[in-house]
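Engineer: Sharing a structure with you now.
The values are calculated or read from the model by the stated rules, or taken from the named source; none is laboratory data. Just so it is clear, the model here is predicted, and its values are computed rather than measured. Heads up, the Cβs are rebuilt from the backbone with ideal geometry, glycines too, and the neighbour counts pull from every protein chain shown. Ligands, DNA and RNA are excluded from the accessible area calculation, which covers all protein heavy atoms including side chains. Shrake-Rupley method; radii C 1.70, N 1.55, O 1.52, S 1.80 Å.
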Amino acid sequence: GAGDVYVAGSNSSTCVYLNAYRLTSHSWMGWQRAGCGMAGDTAVAASDAGEAWIVARDTGFNYYLSRYAPGAGFTAWTNLGGGFTSDPVAALSKDGSLYVAGRKADGKVYAGRWAGGGFQGWAAASSGPLADGKPAMACGSDGAAYVAVRAADRSTWIARFQGSAWGTWYSAGGVAYGGPDMAVTGGAVYVTVTNVNGLVYVRPFLEGTGNGWQSWLNLAGTLRRPSIAGANGRFYIAGRALDNNLWWYESGAGWTAMGNAALTGGELRAGPQ
């Protein structure tokens with residue numbers, strides 16, 4: 001809500017750190033240590049009140065939750081359990097509840113909700129595809145969480161999760177080699193994937209309980225790892241091209257080259273978020 005950008009990650013010593021870029025000062029607040037004993041990529045979601053919710057996976061494959069508030073610091077880690085093989089994804093609903101999802105070894109996707117100061121447990125997606133890798137998740141303007149996965153046959157699927165109940169899984173088809181990633185704006189969920197050649201495709205899904213898939217959009221650009229965000233009815237994509245330069249895409253405006261002049265090594269090791 002304050003326009004701050006939170007960044008979270010873990011170092012080689014399995015310690016999770018959080019930083020924020022403050023809009024008012026145009027500067028970083030500095031890295032704050034949330035705790036240690038975690039593995040893999042960390043999920044972070046920011047609230048309208050300026051708090052950051054952090055979800056991390058420990059070395060025993062369970063998810064842990066902590067909340068950071070400016071001036072107050074971190075809460076103690078809460079063990080959400082789970083036994084997950086993928087890193088977590090997390091998103092905040094407009095009602096203030098936090099949705100978390102992940103994939104287990106059998107390929108099933110599980111989701112849960114933190115609300116009213118407590119975790120309401122994990123719910124398995126009992127039907128639909130088995131996920132091939134980490135799912136993607138975002139909360140819509142309807143207060144529900146939308147979860148997208150890539151199946152073993154590389155098709156892309158989406159389902160709605162609200163409270164503790166899963167809706168129907170709907171297939172978008174396609175042959176995805178990268179992704180999915182997703183963002184919400186203007187009453188639609190935008191899911192992006194890349195094909196075997198790195199071409200970027202986006203497919204909108206209209207919010208609601210039915211099959212809201214719209215047509216695939218071929219953005220005619222090639223990226224290694226695109227990341228998507230949405231605002232004011234438009235979607236925005238940033239990613240690393242095959243020549244390691246950064247590119248930016250705005251719906252309705254097209255591609256803009258951003259270069260990599262700020263990099264001393266001349267090559268990005270990972271794509272932007």
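Engineer: On alpha carbon coordinates alone, what is the Rg over Rh value for segment 71-128, Rh being the Kirkwood radius?
Structural biologist: For segment 71-128, the value is 1.01.
Engineer: Same structure, new question: Give the relative contact order (percent, whole number) for the chain; include only Cα pairs under 8 Å separated by 6+ residues.
Structural biologist: The normalised contact order for the chain reaches 8 percent.
Engineer: Compute the signed sum of charges (Lys and Arg +1, Asp and Glu -1) over the other residues within less than 11 Å, Cβ to Cβ, of TYR190.
Structural biologist: +1
Engineer: Oh, and also: Once you measure Cβ to Cβ distances between cysteines in the chain, which Cys have no partner under 4.7 Å?
Structural biologist: CYS139 - these cysteines have no disulfide-compatible partner (Cβ-Cβ under 4.7 Å) in the chain.
Engineer: Let me ask something additional. Provide the three semi-axes, in whole Å and in decreasing order, of the ellipsoid equivalent to segment 1-88 as defined by the square roots of 5 times the Cα gyration tensor eigenvalues.
Structural biologist: Those come to 24, 13, 11 Å.
Engineer: Which of rounded, prolate or oblate describes the chain when judged by the alpha-carbon gyration tensor and an a/c cut-off of 1.5?
Structural biologist: rounded
Engineer: In whole percent, and with a 1.4 Å probe on the protein chains, what portion of the accessible area of the chain is carbon and sulfur?
Structural biologist: On the chain, the fraction of accessible area on carbon and sulfur atoms equals 49 percent.
Engineer: Let me ask you something else. What FRET efficiency would be calculated for the residue pair SER215, THR24, taking the C-beta separation as r and a Förster radius of 51 Å, to the nearest 0.05?
Structural biologist: 0.80
Engineer: Further question on the same structure: Determine, for each peptide in 124-131, 222-229, the mean count of other beta carbons within 10 angstrom over its residues, then list the peptides with the highest first.
Structural biologist: 222-229, 124-131
Engineer: Net charge around GLY133, counting only other residues with Cβ within less than 11 Å of its Cβ (Lys, Arg = +1; Asp, Glu = -1)?
Structural biologist: +2
Engineer: Something else now. For segment 216-242 and segment 151-179, what is the centre-to-centre distance using only Cα atoms, to the nearest Å?
Structural biologist: That distance is 19 Å.
Engineer: Straight-line reach from LYS94: which aspartates and glutamates fall under 18 Å, measuring Cα to Cα and dropping same-chain residues less than 8 apart?
Structural biologist: Excluding near neighbours in sequence, the set is ASP4, ASP48, GLU51, ASP142, GLU207.
Engineer: Out of the trypsin sites (Lys or Arg not before Pro) in segment 104-152, which ones are loop residues according to DSSP with at most 16 other C-beta atoms within 10 Å?
Structural biologist: Counting only loop positions with at most 16 other Cβ atoms within 10 Å, the trypsin sites (Lys or Arg not before Pro) in segment 104-152 are LYS108.
Engineer: Residues of segment 46-85: accessible area per residue at 1.4 Å, in Å²?
Structural biologist: Per residue, segment 46-85 has 43 Å² of solvent-accessible surface.
Engineer: Rg/Rh for segment 71-170: what does it come to with C-alpha atoms and Rh from Kirkwood?
Structural biologist: 0.98
Engineer: Something else now. Can you give the local net charge around TYR170? Use residues other than it whose beta-carbon is closer than 13 angstrom to its beta-carbon, Lys and Arg +1, Asp and Glu -1.
Structural biologist: +1
Engineer: Which of the three applies to segment 145-273, rounded, prolate or oblate, going by the alpha-carbon gyration tensor with a ≥ b ≥ c and a/c under 1.5 meaning rounded?
Structural biologist: Note, shape of segment 145-273 comes out prolate.
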